[in-house]
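What follows is a set of notes on a single structure, which appears directly below.
Laboratory data are not the source of any read-out in this text; all were calculated from the coordinates shown. Note that this is a predicted model, so its numbers are computed, not measured. Every residue, glycine among them, receives a Cβ derived from its backbone with ideal geometry; neighbour counts consider all protein chains shown.
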């Protein structure tokens with residue numbers, strides 16, 4: 001689409017919502033004006049209510065963008081911090097080792113299970 005600003009990947013895998021923004025005022029019955037940051041200056045700040053989602057966030061789980069090192073493509077490098085758990089699973093005649101990895105800038109709930117060669 002011409003004139004549409006995309007965040008990250010195109011198509012099905014593109015993020016539906018960017019980040020939470022403060023609502024400045026209500027414009028009409030179904031539109032709201034948002035307090036957008038400088039990097040979104042080309043975007044018109046008034047949005048229809050169907051494009052917004054209520055954000056009830058836990059202040060502890062919010063990751064600050066300053067120390068994140070976000071690239072131009074709105075992505076960042078994942079760095080493993082700690083291995084939380086190890087397990088070996090047997091699939092037919094093959095054994096696969098899995099480790100639960102805690103990543104930097106993620107909570108323990110965000111740890112992922114990664115396959116490792118034996």
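Please arrange 106, 44 by counting, for each residue, the other beta carbons lying within 10 Å of its beta carbon, fewest first.
Fewest-to-most Cβ neighbours within 10 Å comes out as 44, 106.
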Least to most buried among 19, 99 (fewest other Cβ within 10 Å first): 19, 99
Using 0.36 nm per residue, how much length does the chain from residue 78 to residue 95 gain when fully extended, once their Cα-Cα distance is taken away? 3.4 nm
